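S.K.: The structure is given below, and queries will be raised subsequently.
Values in this text are rule-based calculations from the coordinates and carry no lab data. All of these numbers come straight from a predicted model, not from anything done at the bench. Cβ placement follows ideal geometry from the backbone for every residue including glycine, while neighbour counts extend to all protein chains displayed.
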Amino acid sequence: MTGKLRGCFFCRYVKEKKDKSHFLIQRSKHSFSLLNLYPYNNGHVMVVPKRHVSDLEHLTPEERSDLMDLLIETKKLFRKVLKPHGFNCGINFGRVAGAGVADHLHIHLVPRWNGDTNFMSITGGAKVISQSLKALYDLLSGEFKKGQRR
Ligand SMILES: [Zn+2]
């Protein structure tokens, strides 16, 4: 790892095999998805290329397509588990645009509920007012593993 990458937590997460403690949900060939520790809303997730690049044009076509595939898979997983009414999806390019990590591209995916009343129906019909990241992570990774076994 070169000096300029040392401070990047996305790069560190890829290298370390501590997916559970970093709330990393899925790894694909060139990308990964993880829960945001500072969510805008319940279930705020990020889909990130493994390679440290700052913009879409620096990705190879294969990496771009892998990133898009993982975004779609993540959206499907979240729709199934959290049952949101919609999603916001976006990329902030550069710090001035609000990117927390400006030099490592990442796509935000934020589930939205009607009126964002901040509750969600989870499988089994239980309503929860708030959900810790840990509980949410367990729910999502459990559902993801179930999907893998099929
Ligand atoms: Zn990085």
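S.K.: If you count, for each residue, the other Cβ atoms within 10 Å and average over each peptide, how do 67-74, 36-43 line up from highest to lowest?
M.R.: 67-74, 36-43
S.K.: Counting just the Cα atoms, what span does segment 30-124 cover along each of its three principal axes? Round to the nearest Å and put the largest first.
M.R.: 42, 28, 18 Å, listed from the longest principal axis down.
S.K.: Using the alpha-carbon centroid of each, what span in Å lies between segment 66-92 and segment 29-48?
M.R.: Using only Cα atoms to place each centre, the spacing works out to 10 Å.
S.K.: What pairs from Lys20/Lys75; Lys15/Lys134; Lys15/Lys50; Lys17/Lys146; Lys18/Lys50; Lys76/Lys134 go past 18 Å between their alpha carbons?
M.R.: Checking Cα-Cα distances, Lys20/Lys75; Lys15/Lys134; Lys17/Lys146; Lys76/Lys134 exceed 18 Å.
S.K.: Using alpha carbon coordinates only, what is the Rg to Rh ratio of segment 23-74, with Rh defined as the Kirkwood radius?
M.R.: 0.98
S.K.: Can you tally the net charge around Phe93? Count Lys and Arg as +1, Asp and Glu as -1, for every other residue whose Cβ sits under 14 Å from the Cβ of Phe93.
M.R.: -2
S.K.: Okay, next question. In a Debye calculation with equal point scatterers on the alpha-carbon sites of segment 50-94 and no solvent, what is log10 I(q)/I(0) at q = 0.20, 0.29, 0.32 Å⁻¹?
M.R.: Normalising to I(0) and taking log10 leaves -0.77, -1.08, -1.17.
S.K.: What does the charge add up to near Arg79, with Lys and Arg as +1, Asp and Glu as -1, over the other residues with Cβ less than 14 Å from its Cβ?
M.R.: It works out to a net charge of +3.
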